[in-house]
Structures are given as structure tokens and as C-alpha cells.
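The values are calculated or read from the model by the stated rules, or taken from the named source; none is laboratory data. Predicted model only: the values in this text are computed from it and were never measured. Here the Cβ is made from the backbone with ideal geometry for all residues, glycine too, and neighbour counts use every protein chain on show.
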Amino acid sequence: MSDAPRVPADVVAALDRAPGRALMLGHVHPDADVLGTLLAIGEALQARRWSVVAGGPHPAPGALSFLPGVERYEVLKTLEGAFDVAVLTDCPNPDRTEGLIDAAKRAAPVVVNIDHHPDNRRYGTVNWIDVGAAATGEMVYRLLTALGAPLTPSIATNLFTAVHTDTGSFRYSNVTPETFRIAAALTAAGARPDVVSAALYERRAPDALRMLGESLARVHVSDDGRVAWLALPAGAVPERFIESEELVNYPRSIGSVKVACLLRELGGGRVKVSLRAKGEVDVNRIAGGFGGGGHANAAGCTISGPLDAVTRRVLDAVSAALAAPR
Ligand code: 5GP
Ligand code: MN
């Protein structure tokens with residue numbers, strides 16, 4: 001029934017062994033794909049009597065506080081003690097762990113790298129990269145199935161949320177028949193699509209719509225209508241608001257737009273850039289040109305410089321990419 005490639009034997013073998021101590025290591029600014037998959041694997045290992053530490057350089061955002069077990073996700077600055085295995089999910093390169101990957105490599109003889117990013121650097125001792133997977137959540141569903149791990153409602157909810165968010169609620173071009181088969185299996189196992197959707201999209205703070213209005217008033221559209229961008233100066237809106245809104249989706253939603261950009265001034269002279277495309281332009285290549293990465297239709301980078309200068313550089317790169325379509 002499944003079109004998906006098999007789970008590599010070395011990935012299964014890395015986890016299918018006598019219980020020990022496992023590290024679930026997340027990337028910077030963790031999203032639902034990394035958190036959901038780490039929490040799911042962690043729960044499956046704990047059920048097999050493993051001792052599990054889950055965490056990463058940044059805390060789980062409040063918008064994902066509903067993920068089962070997320071209260072166990074720690075902010076890690078260093079690693080304490082040795083591990084039998086370390087698992088990283090959805091993390092294309094070691095830079096995205098702020099140095100913790102090096103500590104993990106010293107602390108654990110086996111580092112498992114499970115990811116769907118095309119630019120994954122294969123930094124693990126075991127690497128499983130499936131660029132055809134819409135989310136790492138799909139891969140971890142297949143891994144837990146291969147391990148014969150019971151799919152509890154909490155595991156199902158974590159993996160369903162991972163798939164739900166990385167596919168833009170099952171709307172993006174990465175969605176395949178396999179995505180729906182996995183979502184169906186997760187729903188049968190106890191994930192509640194209505195509860196997940198409400199938790200993701202219907203928990204706004206009372207002042208959120210006012211801030212949304214103020215933010216969207218800053219959206220610009222290019223004369224030809226193909227590029228829309230939103231540049232937010234530092235402090236224009238609170239961090240918790242940005243974390244809970246996928247603001248880049250609004251410029252993306254304009255019909256004529258081929259590339260949407262969100263540029264957020266971080267302070268310290270740095271600007272975080274999020275890029276979205278609709279198939280015509282590979283924004284992963286644009287982000288890669290600035291030292292970032294991602295996927296063809298969703299990518300990001302952080303660029304040093306004042307907001308208006310960075311905006312101009314990014315828009316120039318987008319124009320060049322639009323002039324030479326892939
Ligand atoms: P977002 O725009 O939501 O932050 O990220 C969209 C996609 O781009 C995600 O797949 C994420 O992994 C990737 N991405 C965002 N920022 C960076 C970055 O600074 N470096 C790399 N390598 N990937 C990024
Ligand atoms: Mn992902």
C-alpha cells in the first residue's frame with residue numbers, strides 16, 4: 001500500500017536495542033515538525049525503558065504548548081553525562097544546533113540524523129534523508145511502525161501536528177497520497193484533527209488581531225505583483241505574537257505573488273528572513289546564497305545589516321531568481 005521507501009535498517013537498529021540513555025536534540029527555534037517527532041520518538045523509547053532527555057538551544061514556543069509531553073523539552077546549553085544514542089530530526093546542518101551537535105557527538109557513539117531537507121549535510125553516524133517526505137513527522141511515523149512501537153494518542157497527536165504544520169494544513173505541494181495515509185493512521189490512533197487545528201489556529205491572544213492588522217498594513221507588493229514582502233522593525237510587535245503567527249503566509253496569499261518574504265529585525269544588527277514560493281522559484285537557493293537553507297518553497301536565512309538594506313538585498317535576489325526561473 002505504501003509508496004514510501006523503506007526505513008533504512010541502520011536507523012531501526014540504532015533504536016531497536018537494549019534500553020539505555022537517549023538524547024532527543026532539537027534545532028534552533030523549534031517548530032512542530034522537530035518537536036512532534038522528538039517527543040514521539042522519546043515517548044516510544046521511554047515505553048521501552050529508555051531514559052530520555054529532550055531539548056535544544058531554544059525553548060518550545062507557547063503556540064506549541066499543547067503538544068503532549070512538551071513540558072519535558074528542556075533548554076540545553078551543554079550536555080550532562082553520556083548517552084547511548086542521540087537523535088536529531090528535521091535539522092539539516094550542525095549550525096542549527098548552536099554547537100550542541102558537537103557535544104552530542106562527544107557524548108553519544110551513535111548520532112541518528114532523520115530529515116527531509118534537500119540540503120542536509122549528513123552529519124550523523126546514521127543518516128536517513130527522505131526529501132520526498134512532506135514532514136519529518138511522516139518519516140518518524142514509518143520509523144515507529146518499523147520498530148513495532150505502539151502508536152499512543154499522544155504520539156499520534158505529536159506526529160499529526162508535525163505533518164499538519166509542515167504541509168500548511170495539507171495544502172502544499174509536498175502533500176502526497178502517503179501524507180493522507182499517514183494522517184489517516186494517526187487519526188485512527190487517536191490524533192484529533194479538530195483539536196489540533198483549534199490549538200494551532202484558535203488560541204490567539206485578545207490583542208493579536210490588532211497586531212495582525214498593524215503588521216499587515218506594512219505589506220508591500222511589487223509593481224508587477226509577483227513579489228510581496230513584510231518588513232518588521234525590531235520591537236514593532238512582541239516576539240510571542242510573531243512566534244504564534246505564520247505572518248509570511250499573508251503576503252503569500254496574494255494571487256499574483258510568486259515569492260513572499262518576511263523580514264524581521266532581530267536587534268544586534270541582524271534580520272531573520274523567511275521566504276515562500278509557489279513552485280516557480282527555488283527559494284532554498286536564494287536563502288542558500290545568504291548562508292541559510294530550507295526547501296524549494298519554504299526557506300530562511302539570517303542576514304546582518306540594517307532592515308532596509310537587507311530588504312533591498314533580498315528583493316534583488318528574488319528579482320534575479322524570477323528573471324531566471326528554475
Ligand atoms: P521559516 O521561514 O518558517 O523560519 O523556515 C522555513 C524553512 O526554512 C524551514 O524548513 C527551515 O528549516 C528553513 N530555514 C529557516 N531559516 C533557516 C536558516 O537560517 N538556515 C537554514 N539552513 N534553514 C532555515
Ligand atoms: Mn520539517
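Which ones in the stretch 144-169 are within 19 Å of residue 63 (Cβ to Cβ), away from ligand 1 (no atom under 16 Å from the Cβ) and surrounded by fewer than 19 Cβ atoms within 10 Å (Cβ to Cβ)? Working first, answer last.
Keep residues of the stretch 144-169 that are within 19 Å of residue 63 (Cβ to Cβ), which gives 154, 157-169.
Add one more test, that the residue is away from ligand 1 (no atom under 16 Å from the Cβ), and what stays is 154, 157-160.
Within the stretch 144-169, 154 is the sole residue that qualifies.
Filter the stretch 231-268 for residues that are in contact with a Leu (Cβ under 6 Å, 6 or more places away or on another chain) and closer than 14 Å to residue 300 by Cβ; which is nearest to ligand 2 (Cβ to nearest atom)?
Per the criteria, the residue is 248.
Name the pairs whose Cβ atoms lie under 9 Å apart, with the first residue in the stretch 30-42 and in the same structural domain as residue 95 (by TED's automatic domain parsing) and near ligand 1 (Cβ under 10 Å from one of its atoms), the second among the polar types (S, T, N, Q) and in a helix (DSSP H, G or I), and 6 or more positions between them or separate chains?
31/165; 33/136; 33/161; 33/165; 34/136
Between 293, 255, 289, 268, which is buried (at least 21 other Cβ atoms within 10 Å of the Cβ) and not polar (S, T, N, Q)?
Numbers: 255 fails: buried (at least 21 other Cβ atoms within 10 Å of the Cβ); 289 fails: buried (at least 21 other Cβ atoms within 10 Å of the Cβ); 268 fails: buried (at least 21 other Cβ atoms within 10 Å of the Cβ).
Of the residues listed, the single one that is buried (at least 21 other Cβ atoms within 10 Å of the Cβ) and not polar (S, T, N, Q) is 293.
For the stretch 130-143, enumerate the residues that are surrounded by 24 or more Cβ atoms within 10 Å (Cβ to Cβ) and not charged (D, E, K, R). Step through it out loud before you land on a result.
To start, the set of residues in the stretch 130-143 that are surrounded by 24 or more Cβ atoms within 10 Å (Cβ to Cβ) comprises 133-141, 143.
133, 134, 135, 136, 137, 139, 140, 141, 143, listed by residue number.
Residue-wise test of (1) among the polar types (S, T, N, Q); (2) modelled with pLDDT under 95; (3) in a helix (DSSP H, G or I); (4) buried (at least 16 other Cβ atoms within 10 Å of the Cβ).
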{"residue": "7", "(1), (2), (3), (4)": "no, no, no, yes"}
{"residue": "11", "(1), (2), (3), (4)": "no, no, yes, yes"}
{"residue": "27", "(1), (2), (3), (4)": "no, no, no, yes"}
{"residue": "37", "(1), (2), (3), (4)": "yes, no, yes, yes"}
{"residue": "40", "(1), (2), (3), (4)": "no, no, yes, yes"}
{"residue": "43", "(1), (2), (3), (4)": "no, no, yes, yes"}
{"residue": "79", "(1), (2), (3), (4)": "no, no, no, yes"}
{"residue": "91", "(1), (2), (3), (4)": "no, no, no, yes"}
{"residue": "102", "(1), (2), (3), (4)": "no, no, yes, no"}
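Consider residue 129 against the criteria (1) closer than 22 Å to residue 12 by Cα; (2) within 13 Å of ligand 1 (Cβ to nearest atom): it satisfies all of them except one. Which criterion is unmet?
It is condition (2) that residue 129 fails.
What is the residue count in the stretch 65-74 for residues that are without any contact (Cβ under 8 Å) to a residue 40 or more places away in the chain and either under 17 Å from the mean Cα position of the chain (by Cα) or in a helix (DSSP H, G or I) (or both)? Before you say what the answer is, go through the steps one by one.
Here is the first cut: in the stretch 65-74, the ones without any contact (Cβ under 8 Å) to a residue 40 or more places away in the chain are 65, 70-72, 74.
Going one step further and asking which of them are either under 17 Å from the mean Cα position of the chain (by Cα) or in a helix (DSSP H, G or I) (or both), we end up with 65, 70-72.
Within the stretch 65-74, residues that are without any contact (Cβ under 8 Å) to a residue 40 or more places away in the chain and either under 17 Å from the mean Cα position of the chain (by Cα) or in a helix (DSSP H, G or I) (or both) number 4.
Tell me yes or no: at least one residue of the stretch 98-108 is within 17 Å of residue 300 (Cα to Cα) and within 12 Å of ligand 2 (Cβ to nearest atom). Steps first, please.
Kept after step one, since they are within 17 Å of residue 300 (Cα to Cα), are these residues of the stretch 98-108: 98.
Next cut, within 12 Å of ligand 2 (Cβ to nearest atom) only: none.
No, every residue in the stretch 98-108 fails to be within 17 Å of residue 300 (Cα to Cα) and within 12 Å of ligand 2 (Cβ to nearest atom).
How many residues does the stretch 198-245 contain that are surrounded by fewer than 17 Cβ atoms within 10 Å (Cβ to Cβ) and part of a loop (DSSP other than H, G, I, E, B)?
16
In this structure, does residue 27 turn out to be touching a Cys at 6+ places or on another chain (Cβ under 9 Å) and not aliphatic (A, V, I, L, M)?
Working: touching a Cys at 6+ places or on another chain (Cβ under 9 Å): yes; not aliphatic (A, V, I, L, M): yes.
Yes.
With (1) in a loop (DSSP other than H, G, I, E, B); (2) within 14 Å of ligand 2 (Cβ to nearest atom); (3) not polar (S, T, N, Q) as the list, and residue 149 as the residue in question, which single condition is left unmet?
(2)
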